[in-house]
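Scroll down for the structure; my scribbles are underneath it.
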Amino acid sequence: MAMKMKSITQRWVFNSLGMILFIIITLELILAFGVKNLYYESVRHAISTRASSISTLLNTYAQNSAVSYSEEARLAVANFEDRDKMELMVLSTDGQVVTTSSGFLPESQEMTPDYREAVLTGQGEYTGMVNGEKIMSITYTLPMVDRSFAALRFVVSLDQVDRQVITLIALSTVVGMAIIFFVIMSSSYFIKSIVRPLTEVGATARKIAQGDFNVRLAKKNDDEIGELCDVINYMAEELANSEKVKNDFISSVSHELRTPLTAIKGWAETLSMPGCDEEMIQKGMSVISGETQRLSQMVEELLDFSRMQSGRMKLMKGRMDLIAEISDVVLMQTERARREGKTLLYTEPEQVITLTGDKNRLRQVFVNIIDNALKYSDAGDTVTVTVEMENRHQVLVKVADTGCGIEAKDLDKVKTKFYKANTTRRGSGIGLAVADEIVRAHDGTLELQSVWGEGTTVLIRLPVERADGTQHPGME
C-alpha cells in the first residue's frame, strides 16, 4: 500500500501540481511581458505628446522671420516643463548634443542609433544602456533652419520604470506562490482523504483474503470511497455466507454419504455371518442395492454439478416426446410414494408434446423435482404433477406438493448451489441448482412458488416445436 500511496502522490505531483505550476509560470511570463510593454508604451506615449507640442512650437518659430529661431529654440528647451520626468536635448546635424533642458551636456557624445534612424525617417527610437543607465530615447528631426538645431532628443530613464515592473512581478509571484501553497495544502488534505481510506480498504481486503469474513469497513462519506466500503462489506458478507453454505454442504454431503455407507457396511457384515436365512439375505441385498443406487445418484449429481461449474456439461439434443419422459418418471416414483404413505397424482395428457432437447437431462430434472416434492412432504401429503400447453409456443410442467413449504427468506436462495433451506431433510443441496441449469440450457425457466407450512409448487416452462417441426427460438 505504501507503493500505492507513493504512486497516487506522484501522479498528483506530475499531473495536477505540475500543470498548475506550468500555468502560473506561463501567466507570470505573460504578465511580466505585458506589464513591461504597458509601462514602456506609457513612457513612449508621454514622450510623443511632449514632442508634438515642442515640435509645433519650434515649427512656428521657423516660419516667423521676425524672431531668432536659435534663441527661441534654446529658450524653449531651457523652459521645458517636464524636465523632472525626462530630459530634452538639441542635436546638431552631426548628432552632437548642443544644449539640454538640465543645462548639462552628457559625458559621452557618441551618436546613438535613434538619431541615425531619425535622419532617414524623421523619427528614431533607442532603448538600451548609456553610461550605465537604462534609457529610452526618441529623436525627432527639425526644419533645417539652423545646422545647430537639427533634431530634438527626448531621454527618459527606465530604471524607475523597471523597478516598478519588477515590483509588480514580485507581487504577482508572491500571489502565485500563495496559490500554489493553498493548492498543495488543500490537495494534500484531499489526497489523504483518499489514501487513508484506501489503506484501510487494502488492509481489510487482506484480512478477508486470509479468511476473516467478519471484518467490516466503517463508511465515513457518501462518495465513491463510501460506495467502495459498501461493496467490500457486501463482499465480506457474501463470502461469509458462501463459506457457511459450503461448510453446511460438506457436512450435509458427508452425512448423506455416511448414512448409506453405514447401512451397506452393516448389512454386509450381517450377511457375512453364518446362519443367515434366505429372507434375511434377500432383505439385506435389497437394502444394499437401494443404498448403492442412492450413492450412485448422489455421485452423479456431484459430477453434474462439477461439469456445470466448469462449463463442461454437454447436451445431446434431439427430437423427444416430453409426455413419455414425464410419465416414466411419475411411474418410477409412484411406488416410492405409496411406500411412504404419500399420494402422487398425475393425469397423462392425450396430446403429444414434442420438443428438441436432451431427454436424459430433462428426465433428470423431472426426477429431481418430483423427488424433492416427495422428500419435503410427510405421510398423508399429496404431490400433483400436471402438464399443459400454456400457449402455442411453450409447455408448462407443474409439480405441486402439500408438504412443509419454503420460508419466504429462503425462497430466492434455494436454487443457489449448496443451499439447503431445510437441513432436517436429506439431500446435498445442489440438485435444484443442476435442474435449473439444465432447464436454462433448454431455453426454459424454472420457477418456485411456496408458502411455509402449506406446500411448494415448481413451474417448469419449456419451448415446444412449431407445426413445421422446428424449435421456437424463445418463449413469450
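The table below gives the values:
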read-out: Rounded tilt (10° steps) of 69-78 against the dominant C-alpha axis of the chain; value: 50 degrees
read-out: For peptides 205-212, 401-408, sequence by mean Cβ density within 10 Å, most packed first; value: 401-408, 205-212
read-out: Local electrostatic count at Ile232 - Lys and Arg +1, Asp and Glu -1, tallied over other residues with Cβ under 13 Å; value: -3
read-out: Rounded to 10°, Cα long-axis angle of helix 322-339 versus longest principal axis of the chain; value: 60 degrees
read-out: Fully extended contour minus Cα-Cα distance, from Met332 to Met19, at 0.36 nm per residue; value: 104.9 nm
read-out: Size of the chain as Cα extents on the principal axes (Å, biggest first); value: 163, 56, 36
read-out: Solvent-accessible area per residue for the range 187-260 (1.4 angstrom probe, square angstrom); value: 65 Å²
read-out: Stretch gain in nm, segment Thr127-Arg307, where the contour uses 0.36 nm per residue and the Cα spacing is subtracted; value: 55.8 nm
read-out: Sorted peptide list for 183-196, 373-386, 327-340, criterion being average Cβ within 10 angstrom, highest first; value: 373-386, 327-340, 183-196
read-out: Helix axis angle, 18-63 relative to the chain longest principal axis, alpha carbon, degrees; value: 20 degrees
read-out: Ordering of 76-84, 112-120 by burial proxy (mean other Cβ atoms within 10 Å per residue, highest first); value: 112-120, 76-84
read-out: Members of Lys314/Lys398; Lys219/Lys246; Lys314/Lys359; Lys244/Lys413 lying beyond 22 Å, as alpha-carbon distances in this model show; value: Lys314/Lys398; Lys219/Lys246
read-out: Difference of contour (0.36 nm per residue) and Cα-Cα distance, Asp277 to Lys85; value: 55.2 nm
read-out: Residues of type aspartates and glutamates that Lys409 reaches as a straight line, Cα spacing below 17 Å, ignoring anything fewer than 8 places off in the same chain; value: Glu237, Glu238, Glu447, Glu454
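The values are calculated or read from the model by the stated rules, or taken from the named source; none is laboratory data. Since the model is a prediction, treat every value here as computed from it, not as a measurement. Ideal geometry is used to build each Cβ from the backbone, glycine not excepted, and the neighbour counts take in all protein chains shown. Just so you know, the surface numbers come from the protein's heavy atoms only, side chains and all, with ligands and any DNA or RNA stripped out. Shrake-Rupley method; radii C 1.70, N 1.55, O 1.52, S 1.80 Å.
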